[in-house]
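Down below is the structure, laid out as structure tokens.
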Amino acid sequence: KLHSDLDKGVGTVKYTLSGDGAGTVFTIDETTGDIHAIRSLDREEKPFYTLRAQAVDVDTKKPLEPESEFIIKVQDINDNEPKFLDGPYVASVPEMSPVGAYVLQVKATDADDPTYGNSARVVYSILQGQPYFSIDPKTGVIRTALPNMDREVKEQYQVLIQAKDMGGQLGGLAGTTTVNITLTDVNDNPPRFPKSIFHLKVPETSHVGSAIGRIRAVDPDFGKNAEIEYNIVPGDGGNLFDIMTDEYTQEGVIKLKKPLDFETKKAYTFKVEASNLHLDHRFHSVGPFKDTATVKINVLDMDEPPVFSKPVYTMEVYEDTPVGTIIGAVTAQDLDAGSSSVRYFMDWKNDVDSYFTIDATEGTIATNELLDRESTAQYNFSIVASKVSNPLLTSKVNVIINVLDVNEFPPEISVPYETSVCENAKPGQVIQTITAADKDLSPAGQRFSFKLSSEASNKPNFTVHDYRNNTAGIETRRHGYSRRQQELYFLPIVIEDSSYPVQSSTNTLTIRVCRCDSDGTIQSCNVEAIFLPVGLSTGALIAILLCIVILLVIVVLYVALRRQKKKDTLMTSKEDIRDNVIHYDDEGGGEEDTQAFDIGALRNPKVIEDNKIRRDIKPDTLRFTRHRPPAEDNTDIRDFINQRLKENDVDPSAPPYDSLATYAYEGNGSVAESLSSIDSLTTEADQDYDYLSDWGPRFKILADMFGEESYSPDKVT
């Protein structure tokens with residue numbers, strides 16, 4: 001209520017109200033100044049309002065007093081219950097926890113004024129969940145109330161919590177929430193087999209490594225606390241089997257480590273132990289966390305393929321063994337109760353398998369073709385065995401056949417086949433060390449022996465010294481060798497091996513005579529070097545060259561003088577026309593060149609009868625023809641001369657040239673006879689070539705070819 005001291009109660013004063021909620025929440029009686037709330041107030045919405053009031057003259061509308069400000073506070077009442085803003089709650093606690101183990105703290109909020117009365121004082125209590133859990137009335141902390149709560153008995157708990165204001169007194173408002181509590185697992189239970197004996201039936205044909213059965217131990221724990229490890233207790237039959245844990249099902253999977261055979265053993269018994277991997281030391285007092293069960297395995301008889309006596313067969317055979325020779329046998333048996341016969345055949349894969357055959361009944365292997373170790377030293381193929389009663393049941397085995405070597409190749413000289421010897425070599429000097437090679441597979445301790453052939457052992461030039469270590473030395477047997485006398489020597493060497501049968505071969509070693517210095521260093525082995533002076537200094541060589549030049553100049557001058565002399569002796573008369581005898585040292589000008597003709601001899605033909613010497617060839621020294629019988633063993637040289645003679649007979653450009661002329665008067669023929677090569681002597685016996693040795697070093701080769709010295713086989717040693 002508002003009232004002004006100037007208000008006399010006669011209605012001259014008017015009251016006005018402004019500020020928070022004026023006209024909407026609060027209203028004022030303009031005459032009396034009473035303030036009223038026109039709607040419900042909520043402290044939790046707005047706890048106070050600030051208003052301004054003023055008294056105004058009704059007639060003049062002027063303020064009678066200054067404006068005054070006042071505050072209206074909303075007084076709280078207990079109109080709000082406590083609320084759990086975070087509910088419902090989820091919590092967990094390990095199983096087997098002691099009494100008073102902390103679980104969770106809950107909190108309720110009351111919107112009422114905590115400073116006024118007990119409207120906001122909250123007290124907590126459990127409406128549902130006893131006697132397992134308890135709560136602190138003031139703090140809202142939830143704890144376990146019973147010891148050894150077992151997850152395997154009950155895992156989930158739902159607890160109902162109440163929060164009440166007014167300190168929990170009668171008339172207070174209350175709010176509730178739920179707390180879902182889960183007991184987490186601890187490893188408090190050992191694994192246990194549901195039965196003490198497990199029976200398994202396994203076919204004897206089961207493959208090694210395959211799973212043949214499963215067993216399981218039960219562990220009521222959860223997660224890693226329920227992980228189980230299985231082990232086979234050492235004992236009867238345990239070495240044939242293995243066990244491992246299936247990580248998804250925690251089952252023990254039994255696998256086969258070795259093949260089973262019903263005919264050998266029909267049953268196996270062993271024990272399996274199951275234990276936890278993750279132990280909790282708090283529960284060791286409960287007992288050992290493992291259990292044991294017995295596994296009995298019965299082997300089932302199955303129809304099996306034949307079994308070979310060996311996993312691999314290795315055989316040996318000599319090369320060149322006759323076709324059809326038996327070299328070995330394979331054996332397979334049917335081990336089943338009703339033993340069946342076995343048939344053998346080869347597993348054809350390539351053409352190599354065709355070298356052998358196998359007897360289908362006996363299993364003997366024989367050669368089908370001739371074998372050559374140098375071509376193929378080893379054969380590898382497969383033999384298949386099948387049961388007659390069930391051909392689909394087969395087994396396979398590898399057969400390795402090694403081809404043994406037979407000494408069929410003689411040893412040969414390893415490179416080189418040619419060596420050299422110095423002209424100044426001394427007796428006993430080793431000029432070459434030789435070794436031998438054999439295409440055969442040389443056995444351990446193979447020895448090669450070296451010696452000269454029988455026809456060369458008597459020659460005085462070289463010898464072979466066997467060092468008895470598969471090497472030999474070529475030694476000289478005389479003082480010095482001359483290239484002028486013989487440039488090449490051929491030394492036949494016989495090499496034998498020590499295998500059976502003994503093989504030998506004759507190998508020819510070529511020895512070339514070379515010029516060497518005093519230290520034995522080879523300087524030249526060329527043929528041209530034979531004609532060069534040995535040991536000449538540079539000055540001596542220059543002097544020789546100067547002498548050769550001077551001789552060439554003298555020869556040129558001599559030839560020029562001869563030509564001048566021929567010009568002075570030419571015939572002066574041109575009236576007598578007859579055949580002209582041409583005498584020249586070089587090629588003339590042909591038929592028209594009459595200045596080179598000398599027909600003086602034709603003027604008096606009778607004089608010529610005493611002088612029938614050919615004038616187209618003028619050797620430095622006139623030699624008479626010596627007749628000698630032809631060499632009987634010189635057929636190669638005779639054929640060579642005949643071939644060259646025929647070529648020159650039909651060659652019109654070869655000297656001496658025939659000069660053909662036509663004359664008005666035909667005479668009785670020339671007493672000088674024909675100069676043509678057509679009627680030349682064509683046998684070696686009718687010719688004498690000794691004069692070629694007098695024509696200088698340029699005709700040395702021709703002189704050696706046509707001279708008196710014949711081919712001597714003694715030079716080849």
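The values are calculated or read from the model by the stated rules, or taken from the named source; none is laboratory data. Quick caveat, the model's predicted, so the values are computed rather than measured. Every residue, glycine as well, gets a Cβ built from its backbone with ideal geometry; the counts of neighbours run over all protein chains shown. When the accessible area is computed, the model is the full protein with side chains, heavy atoms only, and any ligands, DNA or RNA have been set aside. Shrake-Rupley method; radii C 1.70, N 1.55, O 1.52, S 1.80 Å.
Over the heavy atoms of Thr24, what accessible area does a 1.4 Å probe trace out, to the nearest 10 Å²?
90 Å²
Starting from the Cα of Lys426, draw a straight line to each of the lysines and keep only those under 20 Å, dropping any in the same chain fewer than 8 residues away.
Candidates past the 8-residue exclusion: Lys459, Lys715.
Please work out the Cα center distance from segment 286-363 to segment 57-110, rounded to the nearest Å.
Result: 93 Å between the Cα centres.
In segment 294-362, what percent of the accessible surface is made up of carbon and sulfur (1.4 Å probe, ligands and nucleic acids excluded)?
Summing carbon and sulfur atoms, their accessible area is 52 percent of the total for segment 294-362.
Under 21 Å Cα-Cα from Lys290, which lysines qualify once same-chain neighbours fewer than 8 residues away are excluded?
Lys195, Lys224, Lys271
Provide the packing ranking of 28-34, 637-643, i.e. peptides ordered by the mean count of other C-beta atoms within 10 Å per residue, highest first.
Ranked from most to least packed, the peptides come out as 28-34, 637-643.
Grab the eigenvalues of the alpha-carbon gyration tensor for segment 197-300, scale each by 5, take roots, and send me the semi-axes largest first in whole angstrom.
In descending order, the three semi-axes are 29, 13, 10 Å.
What does DSSP give for segment 13-73 in terms of the percent of beta bridges that are antiparallel, rounded to the nearest 5?
Antiparallel bridges make up about 95 percent of those DSSP assigns within segment 13-73.
Pull up the DSSP beta bridges for segment 307-404 and report the antiparallel fraction as a percent, rounded to 5.
75 percent
Lys/Arg Cβ at +1, Asp/Glu Cβ at -1, dipole of segment 166-257 taken about the Cα centre: which of Gly235, Val179, Pro190 is farthest positive-ward?
Checked the options; the winner is Gly235.
Which percent of Cα pairs goes in each bin when the distances of segment 412-524 are cut into 10 angstrom slices starting at zero?
Percent of pairs per bin, in order: 14, 45, 28, 11, 3.
Provide the packing ranking of 540-552, 272-284, i.e. peptides ordered by the mean count of other C-beta atoms within 10 Å per residue, highest first.
272-284, 540-552
Using modelled amide H (1.01 Å from N, peptide plane; none on Pro or chain starts), what sits under 5 Å from the amide H of Val186, excluding residues fewer than 5 places away?
Glu95
Amide H neighbours of Glu251 under 5 Å, at least 5 residues apart or on other chains, H built in the peptide plane: list them.
For Glu251, the qualifying residues are Asp246.
Can you flag which of Lys258/Lys396; Lys154/Lys255; Lys201/Lys310; Lys257/Lys396; Lys258/Lys296; Lys14/Lys73 are past 27 Å Cα-Cα?
Lys154/Lys255; Lys201/Lys310
Not counting ligands, DNA or RNA, and with a 1.4 Å probe, what is Thr538's accessible surface area in Å² rounded to the nearest 10?
Looks like 100 Å² after rounding.
Got a sec to turn the phi values of segment 304-317 into Karplus ³J(HN,Hα) couplings, 6.51 cos²θ - 1.76 cosθ + 1.60 with θ = phi - 60°, whole Hz, x for Gly and Pro?
Per residue, the Karplus-derived 3J(HN,Hα) values read 10, x, x, 10, 6, 6, 9, x, 9, 9, 10, 10, 10, 8 Hz.
Put Thr521, Thr635 in order of accessible area, largest first, 1.4 Å probe: what do you get?
Largest accessible area first, the list is Thr521, Thr635.
Leaving out ligands, DNA and RNA but keeping every protein chain, what accessible area does Met346 have, in Å² rounded to the nearest 10, with a 1.4 Å probe?
Its heavy atoms expose roughly 20 Å² to the probe.
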